[in-house]
Amino acid sequence: LLERYAVATTPSMNLLAPKPMVVGERSLLLAGLSEAVQGYPALPGVPAELGAIHQRYGGEVLLDAAFERDALERSLLEDRPGLVHIASHAEFSGDPDTSFVLTHSDRLSIDQLAQLIRAGRYGEEPVELLMLSACETAAGDERAALGLAGVAIRAGARSAMGSLWSVSDEATSALVTEFYAALDQPGISKARALQSAQTALLSNDRYAHPFYWAPFLVINNWL
């Protein structure tokens with residue numbers, strides 16, 4: 001299926017009108033944790049992941065101690081990024097009260113994250129893509145995709161991207177790097193860019209098992 005089609009999940013067609021995204025027309029915000037904090041393990045692949053994106057597209061980087069709620073809010077309000085990439089531990093279930101993104105010294109609930117992103121909207125232009133790297137949804141929750149979709153819906157973003165289960169840090173970084181490289185090609189959609197990244201992992205013997213490439217989803221606007 002993956003080799004033949006680009007796949008996206010759209011719980012509702014009337015959330016925000018689908019619109020192609022041109023990376024580079026608006027600024028990027030790149031945030032993440034590589035250190036072990038709050039009882040969560042280190043993510044050593046995050047600096048290289050954020051560095052590869054920054055080298056290609058630029059944008060502000062909030063890494064480790066710099067990744068706090070205040071810094072995130074300031075960047076969203078001042079720079080009004082069109083793409084927000086967060087490489088951190090996160091859990092998304094069908095229940096927003098138990099869903100969060102980990103910052104260096106705190107946890108951001110879905111509602112808190114949504115409020116920050118909505119506050120940074122420029123006029124009627126929403127965030128085009130909220131990328132949640134290294135995240136996972138609640139294990140065994142049949143509403144997992146809706147939990148992830150809830151992030152985009154509550155934040156007023158056109159689309160969100162994340163994974164349905166916890167994947168190795170190294171494999172996630174490889175997929176994300178491939179995704180952004182594909183997205184840099186003229187006319188390619190987010191769904192096609194994800195397909196390209198997933199097939200790249202599929203063709204790599206190290207990551208060929210579906211465990212590594214299958215959990216990633218584009219939610220809502222696939223263009």
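The values are calculated or read from the model by the stated rules, or taken from the named source; none is laboratory data. Because the structure is a prediction, the values reported are computed rather than measured. So basically every Cβ, Gly included, is an ideal-geometry build from the backbone, and we count neighbours across all protein chains shown. With ligands, DNA and RNA removed, areas are computed over all heavy atoms of the protein, side chains included. Shrake-Rupley method; radii C 1.70, N 1.55, O 1.52, S 1.80 Å.
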Requested in this report: Please indicate, with yes or no, whether at least one residue in segment 69-79 is of a type in the set (Gly, Ala, Ser), closer than 19 Å to Leu164 by Cβ and at pLDDT below 95.
Outcome: no
**Report entry** Given (1) over 14 Å from Gly32 (Cα atoms); (2) open to solvent by 20 Å² or more (accessible area, probe 1.4 Å); (3) of a type in the set (Gly, Ala, Ser), index of the condition Ala66 fails
**Finding:** (1)
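Test Ser196 against the stated conditions and say whether it is modelled with pLDDT under 95, open to solvent by less than 60 Å² (accessible area, probe 1.4 Å) and part of a helix (DSSP H, G or I).
No: the conditions fail for Ser196.
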Report task. Might you check whether a residue that is in contact with a helix residue (DSSP H, G or I) (Cβ under 8 Å, 6 or more places away or on another chain), open to solvent by 20 Å² or more (accessible area, probe 1.4 Å), among the hydrophobic types (A, V, I, L, M, F, W, C) and at pLDDT below 75 occurs anywhere in segment 160-168? Result -> no
**Report entry** Residues of segment 77-89 that turn out to be of a type outside the set (Val, Ile, Thr), surrounded by 21 or more Cβ atoms within 10 Å (Cβ to Cβ) and closer than 16 Å to Leu129 by Cβ, as a count
**Finding:** 5
Query raised in the report: If only one of Leu50, Leu83 is modelled with pLDDT of 95 or more and in contact with a Leu (Cβ under 6 Å, 6 or more places away or on another chain), which one is it?
Result: Leu50
**Report entry** Filtered residue count, segment 180-193, keeping only those that are buried (at least 21 other Cβ atoms within 10 Å of the Cβ) and touching a Leu at 6+ places or on another chain (Cβ under 6 Å)
**Finding:** 1
**Report entry** Only listed residue being at pLDDT below 80 and open to solvent by less than 10 Å² (accessible area, probe 1.4 Å), chosen from Thr103, Thr137
**Finding:** Thr137
Requested in this report: Test Gly120 against the criterion of being modelled with pLDDT under 80 and not hydrophobic (A, V, I, L, M, F, W, C), and give yes or no.
Outcome: yes
